[in-house]
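First up is the structure itself, then whatever we jot down about it.
The values are calculated or read from the model by the stated rules, or taken from the named source; none is laboratory data. For clarity, every value in this text was computed on a predicted model and none was experimentally measured. So basically every Cβ, Gly included, is an ideal-geometry build from the backbone, and we count neighbours across all protein chains shown. SASA here: full protein model, heavy atoms, side chains in, ligands and nucleic acids out. Shrake-Rupley method; radii C 1.70, N 1.55, O 1.52, S 1.80 Å.
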Amino acid sequence: MKKLLKFDIIHPPEYLQKKIAEWDDLEELSLAQYRERLINLRSNYSDYYTYHLNETGAWKAEEFFLLDKVYLEKVARETLGTGRFLLKLKSKIAAKFFRKYDYYRDQVIDSYIKKFNPDVIFVRSQPIPSAFWQRYRHNTLLVSRLSARLPKLWHPNDWDLIYTDQPDFQRFFQLHGTDTIINDQGFDIRVPTELENREKKYDCSFVGGLGTQNFTERTEFIHAIASKTDFKWWGYWWKYGGDGRKLKDFPFLHKTYQGYTSGLEMYQTFLDSKISLNDYVDTANGIGFNQRMFEVMGVGGFLLTRWAPNFESTFPAGIFATYTDEKDCLKKIAYYLANEQEREKIAAAGKKFIAENYDYTRITASFANDLNKRLS
């Protein structure tokens, strides 16, 4: 049986901190119990890869959650026991005299990797410099997945295999000599069974990141829509870089902001909304294939997304609606709010299409086949 250890995060981090503040039994939970609680949030990519790998019977796959101090401490207790106290002392020395501020984290991760002894390390999210993983390269296949902009301190040559859904990324990584595979976004059909079907609560909603560094065009567009229709949004404000404008500088976004969301709470918002708005204009070079599309359609929500040239060759007609600009978007919002039966018919067709074509059972089977070939 082959082993895979997947590194990921709960996103956004503020959502995780909100959940941790709500849980008053954390001290009582074992590492396995806490891991399961994080998985059950259904945040980010949850256990969508590892669950389906384990279901094959040929893999032992496990999640490791980064950027979570509670999780890290539970790992330290399990792998190091009382030895973690000495490690904390060493980490203070490393920070003070050598400016190694992540020494404790790195050593705890290292202890767990040595205990688990994986054949594959799959780093799905990238908060750690990619050079960190090189110490495992001789004995482990290093695999990454990237569909957003390049993370800081990350290099394609640090990986044996990279997955992406962006053709431009594939060409770029291959120019660096790194094996790169285009793989689909997906949706786990377990999720709808964990949601409540109820009367719609919102006319038009948006879930995602806004701000003036990574999402300037999207932010200005969503702000214009929020000023002219009944609108609410959840997500996070990218507070780094940009032109200095903050959320309060966009009065209609500031007024309609509902807070952080993720996982099942986010999925429930898609199902509770008459229209879920999607825009990828800043991040995908004109390609419409972001994860939000699959999440909205997967739960049975109605998706209104920016038109993209790849839609006709990638998706059948009648599973979502598109807009081209602000005027067209407002027109489509008004139309579909007034035509409930047509809207619900499109949403049902989208849910059916995603379940039949983009379930993680198929995606993980291809993923496992890729890994087996390279391990051989």
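Restricting Leu277, Leu304 to residues that are at pLDDT 95 or above, part of a strand (DSSP E or B) and over 19 Å from the mean Cα position of the chain (by Cα) narrows the list to Leu304.
Among the residues of segment 347-368, those identified as farther than 13 Å from Tyr49 by Cα and out of contact with any helix residue (DSSP H, G or I) (no Cβ under 8 Å at 6 or more places or on another chain) are Ala348, Ala349, Lys352, Glu356, Asn357.
Scanning segment 330-365 for residues that are within 27 Å of Ala224 (Cα to Cα) and of a type in the set (Phe, Trp, Tyr) turns up Tyr335, Tyr336. When each of Glu62, Glu78 is tested for being within 23 Å of Asp110 (Cβ to Cβ), assigned to a strand (DSSP E or B) and open to solvent by 10 Å² or more (accessible area, probe 1.4 Å), the lone residue that passes is Glu62.
Restricting Tyr267, Tyr236, Tyr260 to residues that are modelled with pLDDT of 95 or more, closer than 29 Å to Gln166 by Cα and not in a loop (DSSP other than H, G, I, E, B) narrows the list to Tyr267. Condition check: open to solvent by 40 Å² or more (accessible area, probe 1.4 Å), of a type in the set (Phe, Trp, Tyr) and outside any helix (DSSP H, G or I). Does Tyr101 satisfy that? So Tyr101 fits the description; yes.
Output the residue which, of all residues in segment 110-134 that are small (Gly, Ala, Ser) and under 20 Å from the mean Cα position of the chain (by Cα), is surrounded by the fewest Cβ atoms within 10 Å (Cβ to Cβ).
Taking segment 110-134 first, the residues small (Gly, Ala, Ser) are 111, 125, 130-131.
Now restrict to residues that are under 20 Å from the mean Cα position of the chain (by Cα): 125, 130.
On the way: Ser125: 21, Ser130: 18.
Among those that are small (Gly, Ala, Ser) and under 20 Å from the mean Cα position of the chain (by Cα), it is Ser130.
Between Ile93, Ile121, Ile128, the distinction of being of a type in the set (A, V, I, L, M, F, W, C) and assigned to a helix (DSSP H, G or I) belongs to Ile93 only. So, in segment 196-231, exactly how many residues are open to solvent by 40 Å² or more (accessible area, probe 1.4 Å), over 16 Å from Leu330 (Cβ atoms) and outside any helix (DSSP H, G or I)? Selection size over segment 196-231: 8.
Cβ-Cβ distances below 6 Å connect no pair with a first residue in segment 47-65 that is modelled with pLDDT under 95, a second residue that is part of a helix (DSSP H, G or I), and a separation of six or more residues or different chains.
Within segment 17-38, how many residues turn out to be in contact with a helix residue (DSSP H, G or I) (Cβ under 8 Å, 6 or more places away or on another chain) and open to solvent by less than 40 Å² (accessible area, probe 1.4 Å)? Result for segment 17-38: 7.
Among the listed residues Thr140, Thr164, identify the single one that is touching a strand residue (DSSP E or B) at 6+ places or on another chain (Cβ under 6 Å), under 24 Å from Arg374 (Cα atoms) and open to solvent by less than 60 Å² (accessible area, probe 1.4 Å). Explain how you work it out, then say what you get.
Working: Thr164 fails: touching a strand residue (DSSP E or B) at 6+ places or on another chain (Cβ under 6 Å).
Only one candidate passes the filter, namely Thr140.
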